[in-house]
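First the structure, in the form of structure tokens, and then the observations on it.
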Amino acid sequence: LERYKKQAEQAGFKNIKVKVSDILYYFKSKKKLLDFLNKAPTILGFGKTNDYDILERFIKNNRATEGIKSNTSRFFLEMSKK
């Protein structure tokens, strides 16, 4: 995060504000979660040797009545050149 802020400063941007967003969501099934992991660049190179063992543990530890609980964190940089 600091790296991107520093790059923006070096590019001449001012008034740089960092915003972080944590989003909680649920996958209805293991298949839905697998589809997401295979299509989105969430975990680069997903599908390696022990990824499925880790996935099974994750599902076991994050099962809820709403589905399989997961989250994502995103950050945004707000800035101007003025």
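For residues that are outside any helix (DSSP H, G or I), of a type outside the set (D, E, K, R) and touching a strand residue (DSSP E or B) at 6+ places or on another chain (Cβ under 6 Å), scanning just the stretch 37-69, find the one that is farthest from Y26 (Cα to Cα). I'd like the intermediate steps shown before the answer.
Looking only at the stretch 37-69, we keep the residues that are outside any helix (DSSP H, G or I), and these are 40-50, 62-69.
If we keep only those that are of a type outside the set (D, E, K, R) too, we end up with 40-47, 49-50, 62, 64-65, 67-68.
Now restrict to residues that are touching a strand residue (DSSP E or B) at 6+ places or on another chain (Cβ under 6 Å): 62, 67-68.
Working: N62: 10, G67: 5, I68: 5 Å.
By that ranking, first place goes to N62.
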query: Hey, V20 hits all of (1) within 30 Å of K82 (Cβ to Cβ); (2) surrounded by 10 or more Cβ atoms within 10 Å (Cβ to Cβ); (3) β-branched (V, I, T) but one; which does it fall short on?
result: (2)
message: L33 - would you say it is in contact with a Leu (Cβ under 8 Å, 6 or more places away or on another chain), assigned to a helix (DSSP H, G or I), hydrophobic (A, V, I, L, M, F, W, C) and at pLDDT below 90?
response: no
message: For the list (1) free of Cβ contacts under 8 Å to residues at least 24 places away in the same chain; (2) in contact with a Phe, Trp or Tyr (Cβ under 7 Å, 6 or more places away or on another chain); (3) not hydroxyl-bearing (S, T, Y), I need the number of the one condition that E56 fails.
response: (2)
Within the stretch 1-30, considering residues that are assigned to a strand (DSSP E or B) and touching a helix residue (DSSP H, G or I) at 6+ places or on another chain (Cβ under 8 Å), the one modelled with the highest pLDDT: F27
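The values are calculated or read from the model by the stated rules, or taken from the named source; none is laboratory data. Nothing here was measured: the structure is a model prediction, and the numbers come from that model. All Cβ positions, even for glycine, are placed from backbone atoms using ideal geometry, and neighbour counts span all protein chains on display.
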